[in-house]
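Worksheet: one structure, shown below.
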Amino acid sequence: MQSESTRPPYRDGTLSTEKRVDDLVERMTIEEKAGQLVGTWAGQLGEFKTVEDVEDEIKAYNVGAVASFGWAGAVDARLDDIVETVNRLQEVALSETRLGIPLLFNVDAVHGHAYVAEGTAYPNGLGMAATWDEAGAETAADITATEVRKTGAHQNYSPTCDVAREPRWGRTFETFGESPYLCGRLAAAMVRGYQGDGLDDPNSVVATAKHFPAYSEPVRGEDTAPVEVSSYLLRNVFLPSFLDALDEGVASVMPCYNAIDGRPAHGSREYLTELLRDELGFDGTIVSDWNGVRMLHEDHLVASDHRDSVRMTRDAGLDVASVDAIAHAEHLVSLVEAGEISDEVLDESLRRVLGLKFRLGLFEDAFVDPNEARDVVGTERHRADSLEMSRKSMTLLQNDGTLPLDPDADVLVAGPNADNPIHQLGGWSVPDAAGTDVVTIRDGIESVCSGTVTYEQGATMNERLDIDAAVAAAEDADVAVVAVGENWYLHEFGPTAESGTEPDEFPNRATIDLPDAQRDLLKALHETGTPVIGVLVAGRPLAVNWMAENLPSLLMAYYPGTMGGQAVAETLFGESNPSGRLPISFPRSAGHLPTRFNHFPNPTPIGPEEHLPSYDPLFEFGHGLSYTDFEFGSPSVTNETIPPHGTTTVEVPVENVGERAGSTVVQVYATGHAGTRVTPVRELCGFERVSVEPGTTETVAIDIDAPSLGRVESNGTLRATPGDYTLQVEDQSVTVTIETNSN
């Protein structure tokens, strides 16, 4: 223990972060600086690294960040093991390196602490977006942050700011859908939840907005393929959700793997420095997506070797190479010593990284209390919140009155996703059910149904099982609930070892149709004459035309998380009134893609009657049914004319004309009639969830800022062109006029 007189200033918690950083930087060698700017891993990532390997890297290279849990190949997935490893590695960093700089642990807790078996998993991105609930998303992020910190991690690689533009893409389920506005509002809510009142809060984590600047419209739908978009689309479709995250003070940003306009983001100074830092004013850390550095020479072929890739990324503005490990550190030292990277560039990144560690309080207490971790992770309160968000996400696509079901009904439960906890969690979750306590759809139905519940799986993802047994059971049942859809996967629908499906099998980007085995099961059960209720557990909108045409009721459950099966069951039996609304359009087929509500208008040279509809979805964006009925009154605005930076409020009376309480989402869409640039035929510009008791009316007020009706200009600011704009709610509309700026 150092005395007060000998303790260096960087150890003095009474000093400002700036002074502590200054003192520590002055004491560090180039090698120690480089080590702080790279991360390593424990587990299987190309090669397998043990915890002992990581200890050696910390001692020899001063590695500053570690991923020993919180991802699919991590060495630890069980709570006690995680805490033990974190404390062990922190002890090495603090006691067996010259300066004793604590480690920063990072995780992918993108829908709850789902890579910890005992953790709380929320609905994945699309499911969270289906709630249209900003406050709920913020609470979910706050709970996630608490669980993450109690297990010893400090940075969460979330929220996903990508706008879903390509349903064939294997990461669609991570997004908040196809509306830039909805994506931005929910991303901002997640940032607030993760970071709380500040990073000095011991229950907060560093939020990471990803994947900057444009990732989610890859050619062919292939993950990490180039995103070839115009500057206009880049600024008005892909950037707005990042702007919302930046406005909330997001502390870190992660670039995308792919190239835009021929420039891989990880190696692009134009994107990471000129756009993100200089134009948008971001001053936090930029962290690589995992192997994003090596991809420059191994895949993009824009660098000659690893050393050249390190040079490119550092020149571009990268601060932390997440898992590029000691080779990156060695190259970085070499580049600085050779004068190819300046000391100033090295120190700027170092100051940002050390500043985070000081703000997080790691120099005061880097260790984790295992008892606290057990008391906090996966608590009943957290599970209850996950259940509530899953309930709100349930999206009833169609219903002829068969739902809600009679609690006394005899029910057949079938399908590959009816009793599979890992499929229900979806990707970015533990790929092994050991230690989890997931309530499956079968579990949920058995808990709420007082009739006889029979289970026959009938099919896997791609293979028929005993369909005859399922048919026999259906003939004896009052109703069949069949859960179909997709399994656990990451990126390009793999890896096969964890997903259980081959690249040429469903799911993949070659099709958005259900595979034959699942369709055969549905058709066989339908032919019995027993009503078949379809439940979709999937990460993206699928072309389910046959189900829509032949089944009485269809429920979209997304990947609903730990308590998802309970939420599905409560919805089917009427204990919960469905209130989810689609955050993404359901196409009729792959040939109908792209199917987006906010497409641009276009001429019809030989007449509109000769064109198929530009937007003809199976189920449209914003769609969702309830067990009650709502009537929307005429919308009005508080100000019909507003200045360029002014605000008007849309007011809409919503009456519940049904017989039970329910919630709906008031959605406001804008259509511009001003300006010389083409704008979408309609764009979401406001929304609000509202709960209404039967026979009553609630007036919903939604503020609309004038800039939000405009376009993102070249300086990164939103500005609305003066003129008229139509604001539409349901089938009614009102016009507002934005005045010319008198200045």
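The values are calculated or read from the model by the stated rules, or taken from the named source; none is laboratory data. This one's a predicted model, so the numbers in the text were calculated from it and none came from an experiment. Cβ atoms come from the backbone with ideal geometry, glycine included; neighbour counts cover every protein chain shown. Heads up: the accessible areas ignore ligands, DNA and RNA and are worked out on the full protein's heavy atoms, side chains in. Shrake-Rupley method; radii C 1.70, N 1.55, O 1.52, S 1.80 Å.
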Original post:
Helix 325-337: angle to the longest alpha-carbon principal axis of the chain, degrees 0 to 90, nearest 10?
Top reply: 50 degrees
**OP:** List the residues whose amide H sits under 5 Å from the amide H of Ile341, counting only those 5 or more places along or on another chain, with H placed 1.01 Å from N in the peptide plane.
**Re:** Val336
Original post:
Can you give the net charge of the other residues whose Cβ lies under 13 Å from the Cβ of Lys210, counting K and R as +1 and D and E as -1?
Top reply: -3
Original post:
How big is the gap, in Å, between the Cα center of segment 555-595 and the Cα center of segment 39-92?
Top reply: 37 Å
**OP:** Could you please state how large a percent of the accessible area of segment 414-483 is carbon and sulfur, counting protein chains only and using a 1.4 Å probe?
**Re:** 39 percent
Subject >> Accessible area of segment 396-535 divided out per residue, in Å², using a probe of 1.4 angstrom >> reply: 37 Å²
**OP:** Excluding residues fewer than 8 places away in the same chain, name every one of the lysines whose C-alpha is closer than 29 Å to that of Lys59.
**Re:** Lys19, Lys33, Lys49, Lys150, Lys357
Subject >> Residue-level accessible surface for Arg509, protein heavy atoms, 1.4 Å, Å² >> reply: 70 Å²
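Per residue, how much accessible area does segment 187-292 show when a 1.4 Å probe rolls over the protein heavy atoms, in square angstrom? Before the final figure, lay out the partial values.
Numbers: 3100 Å² over 106 residues.
That works out to 29 Å² for each residue.
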Original post:
By DSSP, what percent of the beta bridges with both residues in the chain are antiparallel, rounded to the nearest 5?
Top reply: 55 percent
Original post:
Taking the alpha-carbon centroid of each part, what is the distance from segment 107-177 to segment 455-472 in angstrom?
Top reply: 32 Å
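Please list Thr721, Thr664 in order of solvent-accessible area, largest first, computed with a 1.4 Å probe with all protein chains present. Kindly include the intermediate steps, with their values, before the conclusion.
Numbers: Thr721 50, Thr664 5 Å².
From most accessible down to least: Thr721, Thr664.
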Original post:
Ranked from the most accessible area to the least, with a 1.4 Å probe and all protein chains present, what is the order of Lys19, Lys33, Lys523?
Top reply: Lys19, Lys523, Lys33
Original post:
For segment 169-253, which whole percent of the accessible surface, found with a 1.4 angstrom probe, sits on carbon and sulfur atoms?
Top reply: 45 percent
Original post:
Mean separation of Cα pairs under 8 Å and 6+ residues apart, divided by the residue count of the chain: what relative contact order is that in percent?
Top reply: 13 percent
Subject >> C-alpha long axis of helix 134-150 to longest principal axis of the chain, angle in ° >> reply: 40 degrees
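For segment 412-500, which GluC sites (Glu not before Pro) pass both filters: DSSP loop (anything but H, G, I, E, B) and at most 13 other C-beta atoms within 10 Å? Don't skip to the end; give the middle numbers.
Details: sites: Glu446, Glu456, Glu463, Glu475, Glu486, Glu492, Glu498; in loops: Glu463, Glu486, Glu492.
Hits after loop and neighbour filter: Glu463.
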Subject >> Net charge of neighbours whose Cβ lies under 12 Å from the Cβ of Gln728, counting Lys and Arg as +1 and Asp and Glu as -1 >> reply: -2
Original post:
Is segment 84-141 rounded, prolate or oblate when judged by the Cα gyration tensor, a ≥ b ≥ c being the square roots of its eigenvalues, rounded requiring a/c under 1.5 and prolate requiring a/b larger than b/c?
Top reply: prolate
Original post:
How far is helix 343-359 tilted, in degrees, relative to the longest principal axis of the Cα atoms in the chain, given as a value from 0 to 90 rounded to the nearest 10?
Top reply: 60 degrees
Original post:
When the distances between all Cα atoms of segment 224-337 are binned every 5 Å from zero, what whole-number percent does each bin get?
Top reply: 2, 12, 22, 24, 19, 12, 6, 2, 0
**OP:** Quick one: grab the alpha carbon gyration tensor of segment 404-477, order the square roots of its eigenvalues as a ≥ b ≥ c, and give me rounded if a/c is under 1.5, else prolate or oblate depending on whether a/b is larger than b/c.
**Re:** oblate
**OP:** Would you tell me the accessible area of Glu348, worked out with a 1.4 angstrom probe on the heavy atoms of the protein chains, in Å² to the nearest 10?
**Re:** 100 Å²
**OP:** Taking only the C-alpha atoms, wrap a convex hull around segment 563-680 and report its volume per residue in Å³ as a whole number.
**Re:** 197 Å³
Subject >> Translational D in µm²/s for the chain (Stokes-Einstein at 37 °C, 0.692 mPa s, Kirkwood Rh from C-alpha pairs) >> reply: 123 µm²/s
